[in-house]
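Worksheet: the structure to be examined is printed underneath.
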Amino acid sequence: MSDISLTASMRSNLLSLQNTQSLMDMTQERLSTGKKVNSAIDNPSSYYTAASLNNRASDLSALLDSMGQGIQTIKAADEGIEAITAFAEQAKALANTARDEAIKVTEGSVEIEFADGYTAAAADKITFTITNVVDGTSEEVEIGATASEDAETTLETLATALAGKDGVAGAEAADGKISIEAAAGYKIEVKAGAGAFADKVTSTAANNGSANRVKSAAQFDSILAQIDQLAADSGYKGVNLLQSNNLKVVFNEDRSSSIEVVGVDASSEGLKIGKAVGGWQTDQDIDNAITAVEDAISTLRAYATDFGNNYSIVQNREDFTENLINVLEEGADKLTLADMNEESANMLALQTRQQLAVNSLSLASQAAQSVLRLF
């Protein structure tokens, strides 16, 4: 270019045309990107400020995902508590039903037809069947007379021997017979007599057990098993708040703001609900179970309240973070986004200026072109 001589007017018009083209290039870039600041060259202050705002918005967006997962973890635990509470209420209803199932306690008796002038012999025996109503097992117990005792003393000996057996609450000789009381959960029957007692024994069974209560107790234990399984299944992405796992949710990019949701043990053991005792053959055992379940329900409701409060906190922080991200991105956009209407108008003006500059350059070159007329 330096080897070519241009007139002053042509050089001036060329410079104007070059400046116009430069402005058109910049305006085209703004129109294509939608931003008036595309690099630090355009406006260092706005560019780096906007980058800082966008970076923070990006960091908060990553935390927003973490908050959402934290909410899901709390919701999973809350669903588990709700289901466990329903099971606990079912267990309480079952215990109340068993409590209303009265045990028909019957006193047994044994009468022996003694021969006149009876004298006991070692072969004189009675075999009893003692049945455990809770587990259904039975045991045969044989008791015998002491040689040379009379009829009255023999009854007392037999009663004393029977009273010392498992499942027997008491046995007493009186009025020519043995009265028998079964222990809770047992049934006592006479199977047979031997020796002088063969075919000489008349008896009634002693009962102090309820098979229906045993069934209710078994169902109660099965509900506890379901509670344990449900508590184990209430985790989310490896975190189970119902198995004493803690959850930490971070709210800001430098981790200075967070909340830790403390896990609980919502298993039957953690809720202090024990299995049915003794097949619920005593009212006290059932009452103890009902009390334990009622305490567990109160505990579960307290857990639900705590998790609900934590859920609200994380939910509010999630909403706040979403709004803050919008504010940050909006602030960055205000620093960098172009006014498309303005840039379009600029482009139209520049195109007009370019055409005028071309025409002006053409006019400026006419003086040089006149030399061609000499040839």
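Net length available on complete extension from T119 to K165 is 14.0 nm, with 0.36 nm assigned per residue and the Cα-Cα distance removed.
Report the calculated FRET efficiency for K334 and I259 (r = Cβ-Cβ distance, R0 = 41 Å), to the nearest 0.05. Using R0 = 41 Å, I get an efficiency of 0.80. Gain on full extension, evaluated as 0.36 nm per residue between N212 and T291 minus their Cα-Cα distance, stands at 26.4 nm. With a Förster radius of 35 Å applied to the C-beta separation of A174 and E269, the computed FRET efficiency comes to 0.10. Between Q355 and Q219, the distance separating the two model label sites (each 7 Å from Cα on the Cα→Cβ line) works out to 9.4 nm.
Within the same chain, aspartates and glutamates fewer than 8 places from K237 are excluded, and of the rest, those with a Cα less than 17 Å from its Cα are D65, D78, E79, E260. Residue by residue, the range 180-186 carries 3J(HN,Hα) couplings of 10, 10, 8, 6, 4, x, 10 Hz when phi is fed to the Karplus relation 6.51 cos²θ - 1.76 cosθ + 1.60 (θ = phi - 60°); x denotes Gly or Pro. Once the chain from L324 to S109 is taken as fully extended at 0.36 nm per residue, the excess over their C-alpha distance is 68.9 nm. Each of T204 and L348 was given a label point 7 Å from its Cα along the Cα-to-Cβ line. The distance between the two points is 11.5 nm.
Sequentially through the range 213-225, phi angles give Karplus couplings (6.51, -1.76, 1.60; θ = phi - 60°) of 5, 4, 5, 4, 5, 5, 5, 4, 5, 5, 5, 4, 5 Hz, Gly and Pro residues having no value and appearing as x.
Can you figure out the FRET efficiency of S46 with I313, using R₀ = 22 Å and their beta-carbon distance, to the nearest 0.05? After rounding, the FRET efficiency stands at 0.05.
Read-outs throughout are calculated quantities, based only on the coordinates presented, and are distinct from any laboratory measurement. Keep in mind the model is a prediction, meaning the values are calculated, not measured. As a convention, Cβ positions derive from the backbone with ideal geometry for all residues, glycine included, and neighbour counts pool all protein chains shown.
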